[in-house]
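The values are calculated or read from the model by the stated rules, or taken from the named source; none is laboratory data. Note that this is a predicted model, so its numbers are computed, not measured. So basically every Cβ, Gly included, is an ideal-geometry build from the backbone, and we count neighbours across all protein chains shown. The protein model used for the area step is the full one, side chains on, heavy atoms only, and it has no ligands, DNA or RNA in it. Shrake-Rupley method; radii C 1.70, N 1.55, O 1.52, S 1.80 Å.
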Amino acid sequence: MKATPRQSKSMAIIAAVIVAIYVVVSLIIVIPQNPLRSAVSSALSPYFSQSWRVFAPNIMKVNSDLSFQAAWYNEDGELEKSGWVNITDIEQATVTGNLTPSRSQKQTWNAVSTYVGRYNDLNDEQRDRVRDTFIQVEGDGYDRIPDEEIVGELESYGENSSDVVRFMRYDYMLMRYVTQFATAYYGEDIERVRWKVERTRANDFEHRFDENAQFDIPDIVFGWRQSIANTDPEIIDEFRDLIERYGHRS
Amino acid sequence: MSKAQRLKKAAAASGTRTAKPGRRSVVLRFAGWVTTEKHSTYSFALLRIVYGAGMLIFLLPSLPDRHYLWGVASGWVEPEAKRRGWWEIFRVLFSKDNAFLFDVAYGVLIMLVLIFIIGWRTKWVTPLLLLFWVGLQSNSMLLTNGGDTIMRITLVFLMFADLSQKWSLDAWLASKRGAPKPVLRGRLAIPAWLGSGLHNTALMLCCYQIILVYVNSGIYKLLGDEWRNGSAVYYSLVIDEFRGFPLLSDLVWQITPIVFIASWVSIYVQLLFPLMLLWRPTRYLALVLIMGMHLSIGLLLGLWPFSLAMIALDLLFVRDSSWRRAITWSSRLVRLTWAVLSTQKIPAEFITTTREEASPVEASGERPLDPLQEAQTDERVDA
């Protein structure tokens, strides 16, 4: 059925309007710091969320890895501590020699990036506090310091309540993840965990052929957290499978 | 009174308005372009296949890790994943509680991708693919990259495009059995001009989307010191996450001119991409350079799904007429190669200079093996 001139023009107008609307909306989403951004983004997020920085403006220069240490009560009733295990290294065993790696390459890499971003939003006193333990002596043993107590303490150091809450949410998430990973890795009933972010950086372009490493970035070591996580065997088996698949290759 | 004034007065007297001829013709040409036929049908078919390949390259290597990344063992990311606010329709598809149901959904997604690639019932498969593809992505906020994002956004547009007019099972079946009967018939039937209009609107949206990506990314690159001084590509090659082949990455960054050229080409081809599209020679140059960039990203940084999605969208700028020419040339090339290999001679049909030059085939006494070729040769000689 051939279009009449009127139908043809109407369709063209509709097409032009649809394209124009998307052009305006997408520009509002990608142009930073414009007054309409938050309203439009919240209406169309997350489906049409987009950011096309793609290694820019400041290209990534630092490798950030997540490593953990776990502790459990041994048969003698003593708290036994493990050595450090680099989870990112295990996940990224899928990368080397692989044209099409599994998405496990991104998991802790991205988690650490967000976590460190939220850590950096805290002030110095708050950072000192979260690098310390969240466990306290309770009677003859130990127990976790209640969340509201930690949050209250952190909030007393600054006027950035939302930054504190955002950090604490991620911290709690990592505690669950690391506990599950450690349970699978050691096969023990994990009592507490802590983690650190290990950062390495290749020499700058001007020093690319130098033998000596130009940068030695200190690790950020976080304090012990009491383990509270779902250690259902079905879940732990999945972690164990991953460790067996990649762990020995790292 | 001038002629123009007289015409204007006459039009006013008759109650009609005269539009400016230039503007009117642009509007009419655009209306004709939108409604007369579906454009870039070859490119859309290739996009369908390349998108599908990109999705498989994502889904298959992650198959052993699926429960760890998105399934029962991914409960720990749930507080943040939930906070992203995905619609419930996406969130219910991939179970985090039941591994069997998760596997069924993962299997369905792989099947949908395969059906999408071969192009069967594509207009029904595309929305389902969108649903499952985004459903998987919504289970974790840690695992997506730019390629997933661009596929997610453009799949909305692609639901309205005809992706299977060429190189598909749909097209093959239609050529054998005739076009399938439409679901909506009679007065409810969707007219051809509306189908073309929706298809071409999707084409414009996809083309705009890829231009947005390039210009946006080009501007950000222009703001970065390392991009401007030409060293950026070095840094991308020394990040662990992207070092699939460390020896190859190290070899590339040790050749300094490659680092400089690749960094600058990345900025300026992206920034100038919309301008380069306006003239055919620069359009082809832009496409070659930018697709070269994506192939390098795929090979050196392992970002194949991203690279393939971008290449598929780049190809939308190649018109059907160009594809037809390319297909004609390549089929001639294949026939020439076949003929040369089988007869050890260049058949006369491929020699278009003089009659004398065509004669050795006949003079040698060797006849082409293909009867069709023989007829063509005879016809040429007779002519």
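Would you check if there is a residue in the stretch A:212-220 being more than 30 Å from B:Ala232 (Cβ to Cβ) and within 15 Å of the chain's Cα centre (by Cα)?
Within the stretch A:212-220, none of the residues are more than 30 Å from B:Ala232 (Cβ to Cβ) and within 15 Å of the chain's Cα centre (by Cα).
State whether the residues of the stretch A:135-149 include one that is within 24 Å of B:Ser140 (Cβ to Cβ) and open to solvent by 70 Å² or more (accessible area, probe 1.4 Å).
There is no residue in the stretch A:135-149 that is within 24 Å of B:Ser140 (Cβ to Cβ) and open to solvent by 70 Å² or more (accessible area, probe 1.4 Å).
For the stretch A:9-24, state whether one or more residues are assigned to a loop (DSSP other than H, G, I, E, B), farther than 30 Å from B:Asn229 by Cβ and of a type in the set (S, T, N, Q).
no
Quick one: would you say B:Ile89 is of a type outside the set (S, T, N, Q), more than 8 Å from every other protein chain (Cβ to nearest Cβ), open to solvent by 40 Å² or more (accessible area, probe 1.4 Å) and closer than 29 Å to B:Ser322 by Cα?
So B:Ile89 does not fit the description; no.
Any residue that is closer than 22 Å to B:Leu303 by Cα and touching a helix residue (DSSP H, G or I) at 6+ places or on another chain (Cβ under 9 Å) - is there at least one of those in the stretch B:194-208?
Yes, because at least one residue in the stretch B:194-208 is closer than 22 Å to B:Leu303 by Cα and touching a helix residue (DSSP H, G or I) at 6+ places or on another chain (Cβ under 9 Å).
Looking only at helices (runs of 4 or more DSSP H) that lie completely in the stretch B:178-253, which have at least 2 residues being without any contact (Cβ under 8 Å) to a residue 12 or more places away in the chain and facing another protein chain (nearest Cβ under 7 Å)?
Correct list: B:192-222.
Can you tell me which residue in the stretch B:158-189 is farthest from B:Leu114 (Cα to Cα), limited to those that are among the hydrophobic types (A, V, I, L, M, F, W, C) and crowded, with 21+ Cβ neighbours inside 10 Å?
Within the stretch B:158-189, the match that is farthest from B:Leu114 (Cα to Cα) is B:Ala161.
When only residues in the stretch B:94-116 that are surrounded by fewer than 21 Cβ atoms within 10 Å (Cβ to Cβ) and within 18 Å of the chain's Cα centre (by Cα) count, which is farthest from the other protein chains (Cβ to nearest Cβ)?
B:Ile115
In the stretch A:193-211, which residues are facing chain B (nearest Cβ under 9 Å) and assigned to a helix (DSSP H, G or I)?
A:Phe205, A:Glu206
List, please: which pairs have Cβ atoms under 6 Å, are six or more places apart or on different chains, and start with a residue in the stretch B:24-38 that is more than 8 Å from chain A (Cβ to nearest Cβ) and end with one that is at pLDDT 90 or above and part of a helix (DSSP H, G or I)?
Hits for this filter: B:Glu37/B:Ser196; B:Lys38/B:Ser196; B:Lys38/B:His199.
Within the stretch A:33-46, does at least one residue satisfy the condition of being within 19 Å of the chain's Cα centre (by Cα), within 14 Å of chain B (Cβ to nearest Cβ) and open to solvent by less than 50 Å² (accessible area, probe 1.4 Å)?
Yes, the stretch A:33-46 contains at least one residue that is within 19 Å of the chain's Cα centre (by Cα), within 14 Å of chain B (Cβ to nearest Cβ) and open to solvent by less than 50 Å² (accessible area, probe 1.4 Å).
Among the numbered conditions (1) open to solvent by less than 40 Å² (accessible area, probe 1.4 Å); (2) of a type in the set (Val, Ile, Thr); (3) over 24 Å from the mean Cα position of the chain (by Cα), tell me where B:Val213 comes up short.
(3)
Does the stretch A:177-188 include one or more residues that are open to solvent by 60 Å² or more (accessible area, probe 1.4 Å), in the same structural domain as A:Asp219 (by TED's automatic domain parsing) and in contact with a Gly (Cβ under 9 Å, 6 or more places away or on another chain)?
Scanning the stretch A:177-188 turns up at least one residue that is open to solvent by 60 Å² or more (accessible area, probe 1.4 Å), in the same structural domain as A:Asp219 (by TED's automatic domain parsing) and in contact with a Gly (Cβ under 9 Å, 6 or more places away or on another chain).
Residue-wise test of (1) modelled with pLDDT of 95 or more; (2) among the hydrophobic types (A, V, I, L, M, F, W, C).
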residue: A:Arg166; (1), (2): yes, no
residue: A:Tyr170; (1), (2): yes, no
residue: A:Ile190; (1), (2): yes, yes
residue: A:Arg194; (1), (2): yes, no
residue: A:Glu211; (1), (2): no, no
residue: A:Val221; (1), (2): yes, yes
residue: A:His248; (1), (2): no, no
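Using the structure shown, decide if A:Glu155 is free of Cβ contacts under 8 Å to residues at least 12 places away in the same chain and within 11 Å of chain B (Cβ to nearest Cβ).
Judged against the criteria, A:Glu155 is not a match.
Across the stretch A:212-234, what is the number of residues that are among the acidic types (Asp, Glu) and more than 14 Å from chain B (Cβ to nearest Cβ)?
2
Going through the stretch B:272-312 one residue at a time, which ones are of a type outside the set (A, V, I, L, M), in contact with a helix residue (DSSP H, G or I) (Cβ under 8 Å, 6 or more places away or on another chain) and part of a helix (DSSP H, G or I)?
B:Phe273, B:Pro274, B:Thr282, B:Arg283, B:His294, B:Ser296, B:Gly298, B:Trp304, B:Pro305, B:Phe306, B:Ser307
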